[in-house]
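Down below is the structure, laid out as structure tokens.
The values are calculated or read from the model by the stated rules, or taken from the named source; none is laboratory data. From a predicted model like this one, the values you see are computed outputs, not experimental measurements. No Cβ is skipped: glycine too gets one built from the backbone with ideal geometry, and neighbour counts run over all protein chains shown.
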Amino acid sequence: MPYILTEKIKIGISACNFGARVRWNIRGWDKFSALDRERNSFIWTPVCPEVLSGLGVPRATIKLVGGNGDEFWESKAKVKNKKGEIVTEQIKKGTLAALENVKRAECEAFVFMEGSPTCGIYRTTLKNKRLGKPPGTFGSLLLKEELFLIPAQDLQSPVKWWDWRRRLHAFIWLKRKEIKSKKELYEIWHNYKFICQEADLEIARKIGEEIAQIDQLTNKVIQNWKKKVLMLLRQPSTFPRIKSILQKHFAHYNKHFNGKTEKISLPPDKISKTNFINQIKKMEKKAFIEKYDFGGVPVIFRSTER
Ligand code: SF4
């Protein structure tokens, strides 16, 4: 049976993706609406570090000079605007204020705007325009906080969002879980191994071997183990991998029930990504109702709210 998460996850989001016109050119995007009814399954905290810096809207574009966001916090890099003015101090204050908001709201995940010299994590280049080296100033802090990070553009892709969402649920459940015995640890690994193998087979195998060799379950052993699994859960999968692991589940599901339950059909090879995800969601639902162990989704969210 999957583990069940009942409490809504609190997620921070770069405000310009939340429909707020906070970008330098008085624009924003409503990427958030793509989630439709699922939006209500989370509690959102939109923040814009550049606006909190007091730079206003509209404003001159900014870029990192002399290093990346990590170096910015070590006072080795600066932030300069298009007019040539140094705005380092303002950005420091605004970015720290944004982080404080995210922490006060108890966010455990953040949806970031990739490409921005402030909110970007792996890229600080927008429309081929280099705005410094990644991560951005805020991105650097988000990475240090070990939040679960989701790129905003993936909210609009049904496949990518489905992948992020199941990883997010698995990440948060495990992060919060207090593990008290070896038996409990083995059971959790049994439920988590498929999603971990999908991310990186080699690392997942090593984690499995390490568990088998545990003599004494100390707090340090548990924390080390959790850290490795949480790291894997932060890695996105790919459509071919999702497809392959889930096709195995479809086949196993039908074999397992052997006509005792209504069959669900194996998605054909040429199915569109959206239809494939719709089939998966059906599978998720049926697996839950029929108590079938669906390893691709070890944790599901069921709100206790009406
Ligand atoms: S990317 Fe970040 S700093 Fe830039 S407008 Fe969006 S929220 Fe504000």
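How many of the residues in the stretch 1-37 are in contact (Cβ under 8 Å) with a residue 40 or more places away in the chain and in a helix (DSSP H, G or I)?
Total satisfying the criteria: 5.
Spot the failing condition for GLU85; the list is (1) touching a residue at least 24 places away in the same chain (Cβ under 8 Å); (2) under 21 Å from the mean Cα position of the chain (by Cα); (3) surrounded by fewer than 16 Cβ atoms within 10 Å (Cβ to Cβ), and only one is missed.
Only one criterion in (1) touching a residue at least 24 places away in the same chain (Cβ under 8 Å); (2) under 21 Å from the mean Cα position of the chain (by Cα); (3) surrounded by fewer than 16 Cβ atoms within 10 Å (Cβ to Cβ) is unmet by GLU85, namely (2).
Out of all the residues in the stretch 124-141, which are among the polar types (S, T, N, Q) and under 22 Å from the mean Cα position of the chain (by Cα)?
The answer is THR124, THR125, THR137, SER140.
Provide a single number: the residues in the stretch 38-50 that are within 13 Å of the ligand (Cβ to nearest atom), free of Cβ contacts under 8 Å to residues at least 60 places away in the same chain and in a helix (DSSP H, G or I).
The number of residues fulfilling the criteria is 0.
Among the residues of the stretch 57-68 satisfying the criterion of being in a strand (DSSP E or B) and aliphatic (A, V, I, L, M), which is farthest from the ligand (Cβ to nearest atom)?
VAL65
For LEU149, which of the numbered conditions (1) more than 13 Å from the ligand (Cβ to nearest atom); (2) out of contact with any Asp or Glu (no Cβ under 8 Å at 6 or more places or on another chain); (3) at pLDDT 90 or above; (4) part of a helix (DSSP H, G or I) fails to hold?
The number of the failed condition is (4).
Can you confirm whether the stretch 174-186 contains a residue that is of a type outside the set (Asp, Glu) and either in contact with a Lys or Arg (Cβ under 7 Å, 6 or more places away or on another chain) or crowded, with 21+ Cβ neighbours inside 10 Å (or both)?
The answer is yes, given that some residue of the stretch 174-186 is of a type outside the set (Asp, Glu) and either in contact with a Lys or Arg (Cβ under 7 Å, 6 or more places away or on another chain) or crowded, with 21+ Cβ neighbours inside 10 Å (or both).
Restricting attention to the stretch 112-149, and to residues there that are free of Cβ contacts under 8 Å to residues at least 24 places away in the same chain and of a type in the set (A, V, I, L, M), which single residue is nearest to ARG176 (Cα to Cα)?
Residue satisfying both the conditions and the ranking: LEU143.
Taking the condition of being among the charged types (D, E, K, R), without any contact (Cβ under 8 Å) to a residue 24 or more places away in the chain and part of a helix (DSSP H, G or I), how many residues in the stretch 177-210 meet it?
The number of residues fulfilling the criteria is 8.
State whether one or more residues within the stretch 26-36 are surrounded by fewer than 16 Cβ atoms within 10 Å (Cβ to Cβ), at pLDDT 95 or above and assigned by TED's automatic domain parsing to the domain that holds VAL111.
Yes, the conditions are met somewhere in the stretch 26-36.
Which condition from (1) closer than 30 Å to GLU284 by Cβ; (2) touching a Pro at 6+ places or on another chain (Cβ under 8 Å); (3) at pLDDT 95 or above is the one that ILE9 breaks?
With (1) closer than 30 Å to GLU284 by Cβ; (2) touching a Pro at 6+ places or on another chain (Cβ under 8 Å); (3) at pLDDT 95 or above applied to ILE9, the lone miss is (2).
Looking at the stretch 211-221 only, could you name the residues that are outside any loop (DSSP other than H, G, I, E, B) and surrounded by fewer than 14 Cβ atoms within 10 Å (Cβ to Cβ)?
ALA212, ASN219, LYS220
Just checking, which of GLY54, GLY120, GLY139, GLY115 is within 13 Å of the ligand (Cβ to nearest atom) and either in a helix (DSSP H, G or I) or outside the structural domain of ARG27 (by TED's automatic domain parsing) (or both)?
Only one candidate qualifies: GLY139.
Hey, any hits in the stretch 79-98 for a residue that's closer than 27 Å to HIS169 by Cβ and not in a loop (DSSP other than H, G, I, E, B)?
Among the residues of the stretch 79-98, at least one is closer than 27 Å to HIS169 by Cβ and not in a loop (DSSP other than H, G, I, E, B), which makes the answer yes.
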